[in-house]
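Contents: one structure, followed by commentary.
The values are calculated or read from the model by the stated rules, or taken from the named source; none is laboratory data. All figures in this text were calculated on a predicted structure; none of them were measured in a lab. Positions of Cβ are generated from backbone atoms using ideal geometry, with glycine treated the same way; all protein chains shown enter the neighbour counts. Note: accessible area is taken over every heavy atom of the protein model, side chains too, but ligands, DNA and RNA are not part of it. Shrake-Rupley method; radii C 1.70, N 1.55, O 1.52, S 1.80 Å.
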Amino acid sequence: MSNNNIPLAERLRPVTLNDYIGQNHLVGDNGIIRRMIEAGRINSFILWGPPGVGKTTLAMIIAKAIEAPFYTLSAVTSGVKEVREVIEKCRNEANGIFTKSRPILFIDEIHRFSKSQQDSLLGAVEQGIVTLIGATTENPSFEVIRPLLSRCQVYTLKPLELQDLDMLLQRAVENDPILKKRVFDIKETTALFRFAGGDARKLLNILDLLEQSTIDESTVIIDDRNVTDVLQQNIAAYDKNGELHYDIISAFIKSVRGSDPDAAVYWLARMVEGGEDPEFIARRLVILAAEDIGLANPNALLLANATFDALKKIGWPEGRIILSECTVYLAASPKSNSSYLAIDRALEEVRKSGNLPVPLHLRNAPTKLMADLGYHDGYKYAHDFTNHYVQQQYLPDGLQGARFWNPAENPQERKMTEHLNKIRKP
């Protein structure tokens, strides 16, 4: 195959860590993945991040660097049978006398693996037959079964930053065997980087289109107008799988948060028409109900969760109606993020103050020894008192009086606050 037929993104795929662009928090001088490579010991992990940020490339670089046999499976095309066959090959490799490192099994889109497929990996990971590297664009805590997740670290990859995209652009025009034959006039990169959206593959696909759409021998001009014009003319070539995936879900969430049902339904329609995974939308509605509506309307979370369940039962295309009902309800609901902020404040305190001892009277005392040590001693059972409330210390020593939940101004939380103020009166 000639270089002309290989996509630019594939031609420029890095083969060493020094050529890898972005993710300095993982592969920089003190990054955990760089340290693992230097030590020659790779633990199983899952790479979580948006498309085009180097998940597959990083897995290939790791295998090459430690000279490990490398096997890859796609969750889209592989079943339990294929998983077991690859694991058996890895078992043979691991037992081979010439194997320098444990075989690496890379699974792309691991979030699409069924529970049975994921179950089939457990033994091999646990016994050290393979080092598993999974790649996912979805939150692993939702998509990966708990036993497998507990055996893997999760490393988050970020969209490429502007300086990363600029470095990639310069490398492409200077080093690619095809592009370096052309003259590039880089006048401005605002539109180019905006359309790329932190995705290396998008950036290189756009660059490919710019080069191909410029008449031979002519200078390839990169400016905002040319980039926009070329993309409008070649939108299908540029984006066969929904290039606005993250922009549209962002607009959808912000429209619901901003209490605009019309805009929210519009963005929902864009996702439905674009073939977005309905469960992806429903999952974000559940998160949104807790994060942005919260205590202002606790029924929102119940409806969002019911939407997720109903969608699984009803399926498509009728599921769009269920999503629409939930979207309009959430957008029209009063909003509060007080509980979302409360847990973040509490987490900040826990990270700062560490594992403070539980007050003795709040501890459980299932044994005589614990009772003799004063566990549970002095605890007051709230239901034995007026209004089912009694004043006592619930926070650890040193945190008495700390406030993590600050109620928002809405009828529901105002009512909660009034209740608490009433029962707490001396």
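Full-extension gain between Arg225 and Thr386, please, as 0.36 nm times their residue separation minus the C-alpha to C-alpha distance. If you can, show how the numbers build up before the last one.
On the way: separation 161, 0.36 × 161 = 57.96 nm, distance 7.17 nm.
Full-extension gain reported as 50.8 nm.
Counting only GluC sites (Glu not before Pro) that are in a DSSP loop and have at most 11 other C-beta atoms within 10 Å, tell me the longest site-free stretch of the chain. List each step's numbers first, then the result.
Values: sites that count: Glu67, Glu217, Glu318, Glu409.
It runs 68-216.
Which residue fluctuates the most in the chain, going by a Gaussian network model with Cα springs under 10 Å, if the choices are Asn337, Asn297, Asn18?
Of the options given, Asn18 has the highest mean-square fluctuation.
Quick one: what are the phi-derived ³J(HN,Hα) couplings along segment 78-90, Karplus 6.51/-1.76/1.60 with θ = phi - 60°, whole Hz, x for glycine and proline?
10, x, 4, 4, 5, 4, 5, 5, 5, 4, 5, 4, 5
Using only Cα atoms, tell me the angle between helix 278-288 and the longest principal axis of the chain; keep it within 0 to 90° and round to the nearest 10.
Approximately 40 degrees, to the nearest 10.
Quick one: among Gly378, Gly315, Gly31, which has the greatest mean-square fluctuation in a GNM of the chain with alpha-carbon springs under 10 angstrom?
Evaluated over the chain, the most mobile residue of the options is Gly378.
Quick one: which of Lys55/Lys158; Lys115/Lys312; Lys55/Lys202; Lys313/Lys335 span more than 18 angstrom between C-alpha atoms?
Values: Lys55/Lys158 10 Å; Lys115/Lys312 16 Å; Lys55/Lys202 15 Å; Lys313/Lys335 29 Å.
In this structure, Lys313/Lys335 exceed 18 Å between Cα atoms.
For helix 411-423, report the angle its Cα long axis makes with the longest principal axis of the Cα atoms of the chain; keep it between 0 and 90° and round to the nearest 10°.
Computed tilt is about 30 degrees.
Please report, as a whole percent, how much of the solvent-accessible surface of the chain comes from carbon and sulfur atoms (probe radius 1.4 Å).
Values: 12370 of 24060 Å².
Ligands and nucleic acids excluded, carbon and sulfur give 51 percent.
Check cross-link reach from Lys422 to the aspartates and glutamates: straight Cα distance under 20 Å, and skip same-chain residues fewer than eight apart.
Once the sequence-local aspartates and glutamates are set aside, what remains near Lys422 is Asp384, Glu409, Glu413.
Given H placed 1.01 Å from N in the peptide plane, which residues other than close sequence neighbours of Ile221 have an amide H under 5 Å from its amide H?
Those qualifying (amide H under 5 Å, at least 5 residues apart or on another chain) are Asp185.
Of the candidates Leu347, Leu203, Leu168, which one comes out as most mobile in a Gaussian network treatment of the chain with C-alpha springs shorter than 10 Å?
Leu347
Tell me which residues come under 5 Å, amide H to amide H, from Leu132 once H is placed; ignore anything under 5 positions away on its chain.
Close amide H contacts, sequence-distant or interchain: Ser44, Phe45, Leu105.
May I have the pair-distance distribution P(r) for segment 89-167, computed from all Cα-Cα distances with 10 Å bins from 0 and rounded to whole percent?
So the P(r) values, bin by bin, are 16, 42, 25, 14, 3.
Can you compute the helix-only [θ] at 222 nm over the chain? Use -39500 (n - 2.57) per DSSP H run of at least 4 residues, normalise by all residues, nearest 500 deg cm²/dmol.
-14500 deg cm²/dmol
What lysines sit close enough to Lys368 to cross-link, taking a C-alpha to C-alpha distance under 30 Å and skipping anything fewer than 8 places away on the same chain?
Lys380
How much length, in nm to one decimal, is gained on full extension between Arg284 and Arg345, taken as 0.36 nm per residue of separation minus their Cα-Cα distance? Intermediate results must be reported in sequence, preceding the final value.
On the way: separation 61, 0.36 × 61 = 21.96 nm, distance 2.27 nm.
Gain on stretching Arg284 to Arg345: 19.7 nm.
Among (i) 46, 21, 18; (ii) 36, 24, 20; (iii) 47, 32, 22, which is the computed semi-axes √(5λ) of the Cα gyration tensor in Å?
Given (i) 46, 21, 18; (ii) 36, 24, 20; (iii) 47, 32, 22, the calculated one carries the label (iii).
How many nm separate the modelled label positions at Glu10 and Arg424, each set 7 Å beyond the Cα in the direction of the Cβ?
Placing both labels 7 Å beyond Cα along the Cβ direction yields 6.4 nm.
Name the longest site-free stretch of the chain, where the excluded sites are trypsin sites (Lys or Arg not before Pro) in a DSSP loop with no more than 13 other beta-carbon atoms within 10 Å.
Numbers: sites that count: Arg41, Lys100, Lys187, Lys240, Lys380, Arg403, Arg424.
Answer - 241-379.
Might you tell me the accessible area per residue for segment 38-167, computed with a 1.4 Å probe and given in Å²? Write down the numbers at each step before the final one.
Values: 6370 Å² over 130 residues.
Per-residue value: 49 Å².
Between Glu161 and Arg112, what is the label-to-label distance in nm when each label sits 7 Å out along the Cα-to-Cβ direction?
Simple spin-label model gives 3.2 nm for this pair.
Where does the charge balance sit around Arg257 when Lys and Arg score +1, Asp and Glu -1, over other residues with C-beta under 14 Å from its C-beta?
Working: positive: Lys254, Arg284, Lys335; negative: Asp260, Glu291, Asp292.
That works out to 0.
Measure nothing fancy, just the Cα-based angle from helix 115-126's long axis to the longest principal axis of the chain, in degrees from 0 to 90, nearest 10.
The angle comes out near 90 degrees.
Quick one: Karplus J couplings for segment 151-157, per residue in order, coefficients 6.51, -1.76, 1.60, θ = phi - 60°, nearest Hz, x for Gly and Pro?
9, 10, 6, 10, 10, 8, 9
With θ set to phi - 60° and the Karplus curve 6.51 cos²θ - 1.76 cosθ + 1.60, what are the ³J(HN,Hα) couplings of segment 390-403 in order, to the nearest whole Hz, using x for Gly and Pro?
My calculation for segment 390-403 gives 8, 6, 7, 7, 10, 8, x, 4, x, 10, 4, x, 5, 10 Hz in order.
Calculate, for Ala39 and Asn175, the FRET efficiency according to 1/(1 + (r/R0)^6) with r their C-beta to C-beta distance and R0 30 Å; round to the nearest 0.05. Working shown, then result.
On the way: r = 30 Å, r/R0 = 1.01.
Working from the Cβ atoms, E equals 0.50.
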